[in-house]
1. Restricted to the stretch 128-142, and to residues that are in a helix (DSSP H, G or I) and in contact with a helix residue (DSSP H, G or I) (Cβ under 6 Å, 6 or more places away or on another chain), which residue is surrounded by the fewest Cβ atoms within 10 Å (Cβ to Cβ)?
2. With the requirement that a residue be in a helix (DSSP H, G or I), surrounded by fewer than 19 Cβ atoms within 10 Å (Cβ to Cβ) and either among the hydrophobic types (A, V, I, L, M, F, W, C) or within 16 Å of the chain's Cα centre (by Cα) (or both), what does the stretch 29-47 give you?
3. Identify all residues within the stretch 143-162 that are more than 25 Å from ALA20 (Cβ to Cβ) and either outside any loop (DSSP other than H, G, I, E, B) or touching a residue at least 40 places away in the same chain (Cβ under 8 Å) (or both); write none if there are none.
4. Pull up the stretch 11-28, narrow it to residues that are closer than 21 Å to GLY111 by Cα and out of contact with any strand residue (DSSP E or B) (no Cβ under 8 Å at 6 or more places or on another chain), then point me to the one that is surrounded by the fewest Cβ atoms within 10 Å (Cβ to Cβ).
Amino acid sequence: MTTNENAAPIREAVGIFFDAQHLKDALKDLLASGFEPEELGLLASEQVVARSLGDLYARTNESDDSPRAPAIAFVGRESVGETGKALGGSLFFVGTSGVMGAVVASAAVFGGALLAAVGGIVGVGVVGALVATIIHQSDAEYLQHQVDEGHILLFVRMADADREQQAMNILIRNCAVDTKMYVVPVERSVPTAALQPVLKSAA
């Protein structure tokens, strides 16, 4: 099942995190400030998620060459019955990094446009090339480089200018670097899964 997202462009702030704890602190602040779980998304290498976010995500048995597209790489630990600090939802395989191997993303990245693109491609390649179908190529190459370097990208979607500044301030306050706004004109059908909450709690 799909739903059409042609009504308005998606505005998302993207912050790059070198440290997983700073990322978790930013998630707590965003949720405490009223941002909804489905407005937050992650993009990182599979290796980094396994190494740095293991308290939030559990691996699945699916692999990046699964015939299911997009294949699920990790599920939030709440969904496997574990308690404590948790992120809900799943991370999906969306491509590869030349250095770090498989790359995973949550449904909210670019408002679901990234998963929609993955769903229409057989044999997903370097993730930067896929992202370049959504944003400017130079920006896509930069984000690919950050993933190659082992960093975690946090995406925050907002509906108005006031929320935009608030999101940017929270990211910067929690040590995100090169924080930037992206405007994504969505002209495709987005999988229903892309509209489901990605985060349940970061407390």
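Every read-out reported here was derived from the displayed coordinates using simple, explicitly stated rules and does not represent laboratory data. All figures in this text were calculated on a predicted structure; none of them were measured in a lab. Here the Cβ is made from the backbone with ideal geometry for all residues, glycine too, and neighbour counts use every protein chain on show.
1. Pass one, the stretch 128-142, residues in a helix (DSSP H, G or I): 128-131, 137-142.
Checking which are in contact with a helix residue (DSSP H, G or I) (Cβ under 6 Å, 6 or more places away or on another chain) leaves us with 128, 130-131, 140-141.
Working: GLY128: 22, LEU130: 21, VAL131: 28, ALA140: 19, GLU141: 14.
Step by step, filter the stretch 128-142, then rank; the result is GLU141.
2. Applying the first criterion (in a helix (DSSP H, G or I)) to the stretch 29-47 yields 29-32, 37-39, 46-47.
Filter once more, keeping what is surrounded by fewer than 19 Cβ atoms within 10 Å (Cβ to Cβ): 29, 31-32, 47.
Result: LEU31, ALA32, GLN47.
3. Kept after step one, since they are more than 25 Å from ALA20 (Cβ to Cβ), are these residues of the stretch 143-162: 159-162.
ALA159, ALA161, ASP162, listed by residue number.
4. Restricting attention to the stretch 11-28, the residues satisfying the condition of being closer than 21 Å to GLY111 by Cα are 11-17, 23-24, 26-28.
So of that shortlist, the ones also out of contact with any strand residue (DSSP E or B) (no Cβ under 8 Å at 6 or more places or on another chain) come out as 24, 28.
Working: LYS24: 19, LYS28: 16.
Looking at the filtered set, the residue picked out is LYS28.
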